[in-house]
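Worksheet for the structure shown next.
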Amino acid sequence: LGRKVAIKLLSPEYVNNEDDVNRFLREARAAAAVRHANVVDVLDVSRHDDGTPFIVQELLAGEDLERYLKTRGRIAPDETMELMIPVADAVAAAHAQKVVHRDLKPANIFLSRDRNQIVPKVLDFGAALFPTIAERSAKEARLLIGTPHYMAPEQIVDKAAVDTRSDVWALGVILYEMMVGETPFEAESASAVLDKVKKVAVPPLRTRVKEAPAELEQIVAKCTSRD
């Protein structure tokens, strides 16, 4: 059709692993099920002649939020909300379809540039829970899936308890990081980060960003409440 697209391939070393193939297919079906302006648009999923599965999705121009934060350091509360309200709306749309992302983080939020506008897009549903295809194997159910700084406590200690609330926790951590310039759980090793996630309370936002509105501090606190 003359349209440029992005093609995502499963690496050859994973093609013969049923868990990895199922997770890859789940990614495509989960993203396609959401159908939201702020979720990457999946156009097709198929297999190459050699059996390699691939996903065809819209080609985006811009940069991910992780790179944007590295160049900016921290973002003012107003801009943070402008970028993250569409992301929260996209995550809510995913939850309405019973899709739990499980790996929300700045690297998986792409700031697509459309003319003079920035359109945030949620990417990479590779870790998603989506019940309509290939239920998790016993092995996959035991895996620690996610990125330590953004994982909710239950992702570490009780993987069976992971649900939509785990994504809400990650959104709170991302909001905090955007305005403060670092996550609440910085440490020298992944195991130390995971330990902090389990035990350390997120500091009130306005102890680090005095100009943040009280309502925004309350949102971050509610997102990252262990209860």
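What to note about this one:
- Strands (runs of 3 or more DSSP E) fully within region 1-87 that include at least 2 residues being at pLDDT below 90 and touching a Phe, Trp or Tyr at 6+ places or on another chain (Cβ under 9 Å): 42-47.
- Among residues of region 18-46, those that are in contact with a Lys or Arg (Cβ under 8 Å, 6 or more places away or on another chain), crowded, with 19+ Cβ neighbours inside 10 Å and among the aliphatic types (A, V, I, L, M), counted: 2
- Residue selected from region 153-168 under the condition without any contact (Cβ under 8 Å) to a residue 40 or more places away in the chain and among the hydrophobic types (A, V, I, L, M, F, W, C), by the criterion least open to solvent (accessible area, probe 1.4 Å): Ala161
- Options Arg67, Arg115; residue that is surrounded by fewer than 18 Cβ atoms within 10 Å (Cβ to Cβ), of a type in the set (Lys, Arg) and at negative phi: Arg67
- Scope region 89-108; condition surrounded by fewer than 20 Cβ atoms within 10 Å (Cβ to Cβ) and in contact (Cβ under 8 Å) with a residue 60 or more places away in the chain; matching residues: His95, Gln97
- Ile85 being open to solvent by 50 Å² or more (accessible area, probe 1.4 Å) and touching a Leu at 6+ places or on another chain (Cβ under 8 Å): no
- The single residue among Lys198, Lys210 that is over 18 Å from Glu82 (Cα atoms), open to solvent by 70 Å² or more (accessible area, probe 1.4 Å) and either among the polar types (S, T, N, Q) or not in a loop (DSSP other than H, G, I, E, B) (or both) turns out to be Lys198.
- Qualifying residue in region 169-187 (condition: farther than 23 Å from Pro120 by Cβ, outside any loop (DSSP other than H, G, I, E, B) and either open to solvent by 30 Å² or more (accessible area, probe 1.4 Å) or among the basic types (Lys, Arg) (or both)): no
- So Ile75, is it crowded, with 20+ Cβ neighbours inside 10 Å and touching a strand residue (DSSP E or B) at 6+ places or on another chain (Cβ under 8 Å): no
- The listed residue being over 21 Å from Asp103 (Cα atoms), open to solvent by less than 50 Å² (accessible area, probe 1.4 Å) and more than 19 Å from the chain's Cα centre (by Cα), out of Val5, Val15: Val15
The values are calculated or read from the model by the stated rules, or taken from the named source; none is laboratory data. Since we're looking at a predicted model, the values are computed, not measured. Quick reminder, even Gly has a Cβ in these numbers, built from the backbone with ideal geometry, and neighbours come from all protein chains shown. The area values use the complete protein model at the heavy-atom level, side chains included, leaving out ligands, DNA and RNA. Shrake-Rupley method; radii C 1.70, N 1.55, O 1.52, S 1.80 Å.
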